[in-house]
Amino acid sequence: MDRGVVLSELERFGVEEIDLDEPGPGEARIKIEATGVCHSDLHVVRTGSSHPLPVLLGHEGAGVVEAVGEGVEHVAPGDRVVIGWRSPCGECRWCLRGAMHLCRTPPVAAGRMHTRDGRDLMGVFRAGTFTTRSVLHGASLVRLPVELPAEQACLIGCAVATGVCSVLKTAEVWEGARVGVIGCGAVGLSVVQGARIAGAAEIHGLDLDERKLEAARHFGATHTGPDDANRLDFVFDVVGRPETVAQGLSMLGHAGTLVYIGLPQPGAEAALPLDYAFDRRLRVLVSHGGDHVPAEDFPKLAQLARDGQLDLAGMVTKRIALDDIVQAFEDMEAGEVIRSVIVL
């Protein structure tokens, strides 16, 4: 019998037994090996984030293909894969014009998982990785090198892709740029690493927690004090609050770019001082998961890790069991970890 972390109603979740059907056309069954505990899952726990309940939590995962349905040819049983929660459909107007990172209709498996009382169980962000096994759409699966440990590979699926690709794809940070990062959790530290990989001359990490600033220095931040963080070329707001948006805008220099990454709370609004933005010719970009396309970007990130440019091992603070999920959320909120990874 399979087990997974099910959110039955807002703020109520726990490990339950679940049932899985065989994968249908275009789908695959995955044995989950490792899955990172991301703040976005806690966001779903508290807000629902437009998910119908019940929902299977978890979206940052890696595992092994057990079975595939008709039409799935790019992966086969035995392949090690990372799960891409924002894989494009390939058919919408955005995909057809080559802007697959703007796809709003990612494919999803059609109700192949169920609670023990028979209710259909969808996964968070079309994934669902806090479980022993999951049935997913084949398009969300990306093969990765055998030698990359699952507890590291799973981070590519969300935090690392979001942070690094926000730098390299969304913002296109250039060599020698001055970069600021507001919020140095797992995504923020991935931004720091992305800026380092891009060749930024200065990387300013900002956070209220000294432990996170120490981690930022470890991953490549050149400055961690607020006094020097001004007249920057790029500021990445990973926190996503009105006050951090205002802070980020105030840190920009001429023709600077604010990149908004953090998930907003429902109804949150931020003000844009128009004269200030006009005079400085500022840009504001929204990064949705780093605008990554899993099939294209996951192998590149894996190669950066293999080449020693991207430190995945250093981001895994704690290895835990599925039943430790409550403690994992508490550790994350308390700033005790960069990433807790559920190892199955």
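Can you pull out the residues in the range 247-266 that are in a loop (DSSP other than H, G, I, E, B) and either among the polar types (S, T, N, Q) or out of contact with any Leu (no Cβ under 8 Å at 6 or more places or on another chain) (or both)? Let's see the steps before the verdict.
Of the residues in the range 247-266, the ones in a loop (DSSP other than H, G, I, E, B) are 251, 261-266.
Hits for the range 247-266 are Ile261, Gly262, Leu263, Pro264, Gln265, Pro266.
Inside the range 29-46, can you point out the residues that are in contact with a Cys (Cβ under 7 Å, 6 or more places away or on another chain) and either assigned to a strand (DSSP E or B) or not assigned by TED's automatic domain parsing to the domain that holds Val142 (or both)?
Within the range 29-46, Ala34, Thr35, Gly36 qualify.
Name the residues in the range 108-130 that are surrounded by 18 or more Cβ atoms within 10 Å (Cβ to Cβ) and either free of Cβ contacts under 8 Å to residues at least 60 places away in the same chain or under 18 Å from the mean Cα position of the chain (by Cα) (or both), would you?
Within the range 108-130, Val108, Gly123, Val124, Phe125, Arg126, Ala127, Gly128, Thr129, Phe130 qualify.
Please find, within the range 24-45, the residue that is surrounded by the fewest Cβ atoms within 10 Å (Cβ to Cβ) out of those that are within 18 Å of Leu189 (Cβ to Cβ) and of a type in the set (Gly, Ala, Ser).
Ranking the qualifying residues of the range 24-45, first place goes to Ser40.
Test Leu213 against the criterion of being surrounded by fewer than 17 Cβ atoms within 10 Å (Cβ to Cβ), hydrophobic (A, V, I, L, M, F, W, C) and closer than 22 Å to Phe329 by Cα, and give yes or no.
So Leu213 fails the test.
Among the residues of the range 297-308, count how many are closer than 23 Å to Val259 by Cα and either assigned by TED's automatic domain parsing to the domain that holds Cys89 or without any contact (Cβ under 8 Å) to a residue 60 or more places away in the chain (or both).
So the answer is 1.
Just wondering, is there one or more residues in the range 162-176 that are of a type in the set (A, V, I, L, M) and at pLDDT below 95? Before you say what the answer is, go through the steps one by one.
Restricting attention to the range 162-176, the residues satisfying the condition of being of a type in the set (A, V, I, L, M) are 164, 167-168, 171, 173.
So of that shortlist, the ones also at pLDDT below 95 come out as none.
Among the residues of the range 162-176, not one is of a type in the set (A, V, I, L, M) and at pLDDT below 95, which makes the answer no.
Just need a number here: residues in the range 230-246 that are surrounded by 19 or more Cβ atoms within 10 Å (Cβ to Cβ) and part of a helix (DSSP H, G or I).
Here the count works out to 2.
Does Ile342 satisfy the condition of being surrounded by 22 or more Cβ atoms within 10 Å (Cβ to Cβ) and in a loop (DSSP other than H, G, I, E, B)?
It is false that Ile342 is surrounded by 22 or more Cβ atoms within 10 Å (Cβ to Cβ) and in a loop (DSSP other than H, G, I, E, B).
Just one of (1) within 28 Å of Leu144 (Cβ to Cβ); (2) touching a Lys or Arg at 6+ places or on another chain (Cβ under 7 Å) trips up Gly256, so point out which.
With respect to (1) within 28 Å of Leu144 (Cβ to Cβ); (2) touching a Lys or Arg at 6+ places or on another chain (Cβ under 7 Å), Gly256 is out only on (1).
Filter the range 88-106 down to the residues that are at pLDDT below 90 and surrounded by 14 or more Cβ atoms within 10 Å (Cβ to Cβ) and list them by number.
Matches in the range 88-106: Pro106 only.
Could you tell me how many of the residues in the range 255-269 are in contact with a strand residue (DSSP E or B) (Cβ under 9 Å, 6 or more places away or on another chain) and either among the small types (Gly, Ala, Ser) or without any contact (Cβ under 8 Å) to a residue 60 or more places away in the chain (or both)?
Here is the first cut: in the range 255-269, the ones in contact with a strand residue (DSSP E or B) (Cβ under 9 Å, 6 or more places away or on another chain) are 255-262.
Next, from what is left, pick out any that are either among the small types (Gly, Ala, Ser) or without any contact (Cβ under 8 Å) to a residue 60 or more places away in the chain (or both): 255-256, 258, 260, 262.
Number of matching residues: 5.
Please tell me if Glu336 is in a loop (DSSP other than H, G, I, E, B) and surrounded by fewer than 22 Cβ atoms within 10 Å (Cβ to Cβ).
So Glu336 fits the description; yes.
The values are calculated or read from the model by the stated rules, or taken from the named source; none is laboratory data. This one's a predicted model, so the numbers in the text were calculated from it and none came from an experiment. Note that we place each Cβ from the backbone using ideal geometry, even for glycine, and neighbour counts take in every protein chain shown.
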